[in-house]
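The values are calculated or read from the model by the stated rules, or taken from the named source; none is laboratory data. Values in this document were obtained by computation on a predicted structure and should not be read as measured data. Cβ placement follows ideal geometry from the backbone for every residue including glycine, while neighbour counts extend to all protein chains displayed. All accessible areas refer to the heavy atoms of the entire protein, side chains included, with ligands and DNA or RNA removed. Shrake-Rupley method; radii C 1.70, N 1.55, O 1.52, S 1.80 Å.
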Amino acid sequence: MAYTAAAGEFASRPITPPGVIGLQRALVWLIGASGAIVFIEPSPYELVTLASAAVFVATGIKLRAVFVPLLLLLFLVNLGYTISAVPLLEDSKITNWIATSWYMAVTAMLLAMITAEDTAARLDMLRRGLVVGGGIAGLAAVAGYFHLVPGGDDLLTLYGRARGTFKDPNVLGAFLILPALLALQNVVTARVAATLRASFALGIMTLAILLAFSRAAWGGLVLTAAFMLALMVLTSQTRGERSRIIVMTLAAAVAGIVLIGVLLSIDSIADMFKQRASFDQSYDEGRFGRFGRHILGADMALDLPFGIGPLQFHNYFPEDTHNSYLNAFMSGGWLSGICYPALVFTTVILGFRYLFVRVPWQRTYIAMFSAFLGTVGESFIIDTDHWRHFFLMLGTMWGMIAATRAHQAEASRSAEIGSPVTST
């Protein structure tokens with residue numbers, strides 16, 4: 001909230017009262033921050049997005065033509081889920097699962113429409129909110145793991161792994177990747193004071209990811225950070241900027257190695273690290289292991305046009321699918337199974353298309369695209385289709401794509417008449 005006044009310097013529609021602009025931007029900040037607390041339901045994120053939807057509808061929001069594919073694919077994916085769930089709706093868990101799927105689709109559309117306007121300011125507020133939220137979740141995870149909160153072990157840890165304000169350590173680790181990337185951007189580009197603050201936030205989030213002992217999160221952080229930093233170097237406008245990014249990246253890498261070394265000097269952490277780092281986990285191997293289930297489930301999906309319904313896979317196999325694309329087929333039949341990957345990979349293709357367009361929000365675009373691409377890859381080995389931050393990234397990607405297209409069109413018109421370009 002405290003950043004609302006500072007964000008007022010960004011360009012916005014002159015017909016919108018300043019108080020309304022401030023409220024809208026504050027809500028965007030809250031959306032980013034509230035996503036860090038999800039161990040209660042309804043979570044603060046649901047309440048904030050619901051309130052934000054009401055405010056933005058009342059104060060003005062537009063459904064642009066560019067969002068039609070997003071709207072159509074989200075509708076078809078959830079239609080498939082709903083059709084397949086019809087015989088199972090007497091089960092309250094199935095009803096809640098379907099309702100959650102529809103609501104997550106609504107939040108994606110909401111974020112797309114929100115970030116397509118007043119884009120630079122709203123994305124700045126979203127960045128700040130996400131980093132604050134990541135810091136909160138990270139601090140809770142670290143405090144829980146090291147028993148710094150009396151009676152907090154059961155709440156903040158699970159099976160000896162940090163989970164912080166999340167129900168699952170794996171989801172905590174996955175959530176923290178985007179805030180960590182945003183903090184890393186500040187570390188390698190900001191001035192000294194901001195760099196120090198960002199370094200502290202990055203250190204807390206990195207430590208929390210390590211203590212979550214999620215192999216996917218470990219790999220995801222390293223790969224997405226490397227990809228993002230490479231893009232930042234490629235899109236830097238000056239040699240000095242490129243040099244700073246490279247030097248600060250090396251310094252951050254050294255600090256990360258030192259942090260890992262210190263952690264591994266603690267016996268309990270070293271033992272858990274060795275256990276989790278192994279690639280021969282019992283639930284990954286064998287005919288009914290994670291990857292065996294993928295093959296058997298895919299073969300099964302070919303014979304079931306309407307799938308088996310949500311939350312039914314474990315009735316046929318020892319565990320859930322742990323593959324969002326397979327889960328779409330099993331939970332929603334061929335309709336969801338085709339439309340879900342179409343939605344995901346259409347977003348990736350469009351996102352890459354506008355990645356190198358110079359816009360005021362390019363830095364945020366690069367971080368969001370990197371984190372989203374990492375989640376798309378992670379979806380092959382884990383169920384991500386109800387992750388709140390996945391739909392936040394999905395919607396924000398479409399909002400930035402729409403804003404970037406509008407910026408390009410405005411630049412073309414300005415070039416034709418010789419007038420300066422204004423930002424969205």
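Among the residues of segment 376-409, which ones are within 27 Å of Thr321 (Cα to Cα), open to solvent by 10 Å² or more (accessible area, probe 1.4 Å), out of contact with any Gly (no Cβ under 7 Å at 6 or more places or on another chain) and assigned to a helix (DSSP H, G or I)?
Passing the criteria: Gly377, Phe391.
Can you tell which of Ile295, Ile269, Ile349, Ile338 is at pLDDT below 85, part of a helix (DSSP H, G or I) and surrounded by fewer than 22 Cβ atoms within 10 Å (Cβ to Cβ)?
On inspection, the qualifying residue turns out to be Ile295.
Of the residues Phe227, Phe175, which is closer than 23 Å to Ala367 by Cβ, out of contact with any Asp or Glu (no Cβ under 7 Å at 6 or more places or on another chain), modelled with pLDDT of 95 or more and open to solvent by 50 Å² or more (accessible area, probe 1.4 Å)?
Phe227
Name the one entry in Leu89, Leu172 that is touching a helix residue (DSSP H, G or I) at 6+ places or on another chain (Cβ under 7 Å) and farther than 19 Å from Ser43 by Cα.
Unique residue meeting the criteria: Leu89.
Filter segment 303-344 down to residues that are in contact (Cβ under 8 Å) with a residue 60 or more places away in the chain and among the charged types (D, E, K, R), then give me how many there are.
Result for segment 303-344: 1.
Suppose we keep only residues that are within 25 Å of the chain's Cα centre (by Cα) and modelled with pLDDT under 90 within segment 7-35. Which one would you say is most open to solvent (accessible area, probe 1.4 Å)?
Here the residue is Phe10.
Report, ordered by the first and then the second residue, all pairs with beta carbons closer than 7 Å, sequence separation of six or more or different chains, a first member in segment 386-399 that is acidic (Asp, Glu), and a second member that is surrounded by fewer than 24 Cβ atoms within 10 Å (Cβ to Cβ).
Nothing qualifies.
Checking Met113 against (1) open to solvent by 20 Å² or more (accessible area, probe 1.4 Å); (2) more than 28 Å from His407 (Cα to Cα); (3) out of contact with any Pro (no Cβ under 9 Å at 6 or more places or on another chain): exactly one of these is not met. Which one?
(2)
Only one of these is modelled with pLDDT of 95 or more and either open to solvent by less than 10 Å² (accessible area, probe 1.4 Å) or closer than 27 Å to Ala194 by Cα (or both): Ala121, Ala162. Name it.
Answer to the check: Ala121.
Restricting the search to segment 141-168, which residues are in contact with a Phe, Trp or Tyr (Cβ under 9 Å, 6 or more places away or on another chain), of a type in the set (Gly, Ala, Ser) and within 23 Å of Ala183 (Cα to Cα)?
Ala141, Ala162, Gly164
Restricting the search to segment 36-55, which residues are open to solvent by 10 Å² or more (accessible area, probe 1.4 Å) and of a type in the set (Phe, Trp, Tyr)?
Of everything in segment 36-55, just one residue is open to solvent by 10 Å² or more (accessible area, probe 1.4 Å) and of a type in the set (Phe, Trp, Tyr), namely Phe39.
Which residues, taken from segment 380-401, are over 19 Å from Ala180 (Cβ atoms) and at pLDDT below 95?
Phe380, Ile381, Asp383, Asp385, His386
Residues checked against (1) open to solvent by less than 50 Å² (accessible area, probe 1.4 Å); (2) at positive phi; (3) part of a helix (DSSP H, G or I); (4) not hydroxyl-bearing (Ser, Thr, Tyr):
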position	(1), (2), (3), (4)
Asp299	no, no, yes, yes
Gly309	yes, yes, no, yes
Phe317	yes, no, no, yes
His322	yes, yes, no, yes
Val344	yes, no, yes, yes
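Hand me the list of helices (runs of 4 or more DSSP H) wholly inside segment 143-257 holding 3 or more residues that are in contact (Cβ under 8 Å) with a residue 12 or more places away in the chain.
Answer list for segment 143-257: 169-189, 192-212, 215-235.
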